[in-house]
Amino acid sequence: QVQFVESGGGLVQPGGSLRLSCAASGSIVSIYAMGWYRQAPGKQRELVTSITSGGTTNYADSVKGRFTVSRDNAKNMVYLQMNSLKPDDTAVYYCNFVASIVQLWGQGTQVTVSE
């Protein structure tokens, strides 16, 4: 039972930056790929980026070039650096494993991009 706690969200103006953090607990997660997901109001949750245990990353086209995912396996932490934020990035952001090993969802952290 791996649990995830997201933090770092907030209100930011368009073009601004935020750094999200994800703390994983309950198990050693260093060997698993991790992902950041987001869910905007009225929309389905989507995977925006992932990172393998070896550091290979993938990004959705909507965030490529603006977001950077990283991880600290020793601390069971995953991070999401979000730059050049747009109003369309407004959503609740979650971290989790990817694919078939996705765990129960945490509470996420709210990111609001607005003037």
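The values are calculated or read from the model by the stated rules, or taken from the named source; none is laboratory data. The model shown is predicted, which means the values in this text are computed figures rather than measured ones. Cβ: placed from backbone, ideal geometry, glycine included. Neighbour counts: every protein chain shown. When the accessible area is computed, the model is the full protein with side chains, heavy atoms only, and any ligands, DNA or RNA have been set aside. Shrake-Rupley method; radii C 1.70, N 1.55, O 1.52, S 1.80 Å.
Summary of values
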read-out: From Arg38, Arg45, residue being surrounded by fewer than 17 Cβ atoms within 10 Å (Cβ to Cβ) and within 12 Å of the chain's Cα centre (by Cα); value: Arg45
read-out: Number of the exception - Thr52 against (1) over 14 Å from Phe4 (Cβ atoms); (2) in contact (Cβ under 8 Å) with a residue 24 or more places away in the chain; value: (2)
read-out: Scan of the range 1-16 for residues that are of a type in the set (Val, Ile, Thr) and either open to solvent by less than 30 Å² (accessible area, probe 1.4 Å) or free of Cβ contacts under 8 Å to residues at least 60 places away in the same chain (or both), ordered by number; value: Val2, Val12
read-out: Number of positions in the range 97-115 that are over 16 Å from Leu47 (Cβ atoms), in a loop (DSSP other than H, G, I, E, B) and either open to solvent by less than 70 Å² (accessible area, probe 1.4 Å) or modelled with pLDDT of 95 or more (or both); value: 2
read-out: Selected residue (only one of Tyr32, Tyr94 is within 13 Å of the chain's Cα centre (by Cα) and open to solvent by 20 Å² or more (accessible area, probe 1.4 Å)); value: Tyr94
read-out: Residue count for the range 1-31, restricted to those that are at pLDDT 90 or above and either part of a strand (DSSP E or B) or on the phi > 0 side of the Ramachandran plot (or both); value: 17
read-out: Matching residues, the range 4-29, being closer than 15 Å to Asn83 by Cβ, aliphatic (A, V, I, L, M) and under 15 Å from the mean Cα position of the chain (by Cα); value: Leu18, Leu20
read-out: Selection count where residues are in a loop (DSSP other than H, G, I, E, B) and of a type in the set (Lys, Arg), scope the range 32-54; value: 2
read-out: In the range 55-80, the residues that are of a type in the set (S, T, N, Q), touching a residue at least 24 places away in the same chain (Cβ under 8 Å) and in a loop (DSSP other than H, G, I, E, B); value: Ser62, Asn76
read-out: Selection within the range 17-29 - open to solvent by 50 Å² or more (accessible area, probe 1.4 Å) and either under 19 Å from Gly55 (Cβ atoms) or touching a Leu at 6+ places or on another chain (Cβ under 6 Å) (or both); value: Arg19, Ile28
read-out: Unique residue being on the phi > 0 side of the Ramachandran plot and in contact with a Pro (Cβ under 9 Å, 6 or more places away or on another chain) when the list is Ser114, Ser84; value: Ser84
